[in-house]
Every structure is written in C-alpha cells, then in structure tokens.
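Heads up, the thing below is written out as structure tokens.
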Amino acid sequence: MSRRAEALAARVEEGAAGLAAFAEGLSDGEWATATSRTDRRTLGQIVNHVALVYPVEIDLARAIATGNPVTDVTWEVVAQLNAGHASEYADVTKAEALELLRVNSSQAAAAVRAFSDEELDRAAPFSLSFGAPVTAQFVVEDHAVRHSWHHLARIRRALGR
C-alpha cells in the first residue's frame, strides 16, 4: 500500500469522524435547521448528503486515476443531484444519516488505500475544475477529503458555533 494513499485515506476518515461526532450532538431541532438562507437543506440533509456522495467522489477519482477525462460532471449536474437528494431524503433521521456516513466513508477510505502512487499522480481533464488536467490525488483531496470539512464548517456557522 502506498504511504500517500494511506495518508489520504486517514484524512477521509478523520473528516467523516469529525462530522459524525458533531452531528451526534445535534438536538432534533438543530438537525432540522436550514443551513442558510440560500441553501435551505437542513443540517441533517447536509450530513446525509456528504455520506451519499462518497461513492461518486471515489468514482470520479478512479476515472482520473485511469487517465480518463471527466467531462460530463458539471456544477449544474451537482446542483441537480443535491436538489434530488434533498427532496428524496427530506426526513432522513440522524441514525440513518450517521450509519450511511460511517459505511460510505469507510468504503471510500478503503478505495483510496487501493490507489498506487502512479494512479494518484495521473492527471486528466476534469469538468468540475473547468477542464483543467488535475491529478487523481487532487480529486480525492478536493472532494472526498474536503467535503466533510467544508460542510462541518457550514453547519457550525449555521448554529453560530
């Protein structure tokens, strides 16, 4: 196993664990709080959203790792996916979301551990980065790693913590 891949996987796990630990302490009222005036998803929907997209984020990194350009995933597609998740999981329970977060982040970390250094270094055009040729490591870091940290910060901000 690549030491770099192990370090990236540990960061995936660290971010998910931090989000889960914070979410576990949310009251029912906080769980149902909207994140902002512009993003009306509840904090619970956001936790569930992070869990739901780990497989997608890993699939994108795998595509880049094999040298295949990703051209069909745009920010508009992401917005549609997010809206669909918000609608489908409007009443997600804390237990459901936290279990999905645990399972999907664990599977994502295992997938990251399977990357070789050569795969992590491979670059291909990536539509979410405006077609720039980015490495698979960048995709892992910017999506599977960063995503939980990003949303935890937004949740904290929504609660004034």
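We did not get these values from a lab; they are worked out from the coordinates using the rules stated. Bear in mind that the values here come from a model prediction, so they are computed numbers and not experimental data. Glycine gets a Cβ as well: all are built from the backbone with ideal geometry, and neighbour counts include every protein chain shown.
Over the chain, dividing the summed -39,500 (n - 2.57) contributions of all DSSP H runs of at least 4 residues by the number of residues returns a 222 nm mean residue ellipticity of -21000 deg cm²/dmol. The Rg/Rh ratio for the chain is 0.98, where Rg is the radius of gyration of the alpha carbons and Rh is the Kirkwood radius.
Dividing the convex hull volume of the alpha carbon atoms of the stretch 18-75 by its residue count, what do you get in Å³ per residue? Walk me through the intermediate numbers first.
Numbers: hull volume 5.3 nm³, N = 58.
Taking the convex hull of the Cα positions in the stretch 18-75, it is 91 Å³ per residue.
Suppose the chain between T33 and Q80 were pulled fully straight at 0.36 nm per residue; how much longer would it get relative to their current alpha carbon spacing? Before the final figure, lay out the partial values.
Working: separation 47, 0.36 × 47 = 16.92 nm, distance 2.14 nm.
Separation in residues times 0.36 nm, less the Cα-Cα distance, equals 14.8 nm.
Close amide-amide hydrogen proximity is noted between V73 and S127, each under 5 Å apart and 5 or more residues distant or on a separate chain (H modeled in the peptide plane; Pro and chain starts excluded).
For V134, the residues whose amide H sits under 5 Å from its own are A124, F126, ignoring neighbours fewer than 5 places away on the same chain, with H placed 1.01 Å from N. Relative to one another, the C-alpha centroids of the stretch 112-161 and the stretch 49-102 are positioned 12 Å apart. Net charge dipole, the chain: roughly 480 debye, given to the nearest 20, about the Cα centre with Cβ charges of +1 for Lys and Arg and -1 for Asp and Glu.
Couplings 3J(HN,Hα) for the stretch 125-130, derived from phi with the Karplus relation 6.51 cos²θ - 1.76 cosθ + 1.60 (θ = phi - 60°), are x, 10, 4, 6, 10, 6 Hz, where x marks Gly and Pro. Relative contact order of the stretch 1-134, taken over Cα pairs closer than 8 Å and 6 or more residues apart, is 41 percent.
For H150 and A132 in one chain, what is 0.36 nm times their gap in residues minus the Cα-Cα distance, to one decimal in nm? Provide the component values of the computation, followed by the final result.
Details: separation 18, 0.36 × 18 = 6.48 nm, distance 2.21 nm.
The span from H150 to A132 would gain 4.3 nm if fully extended.
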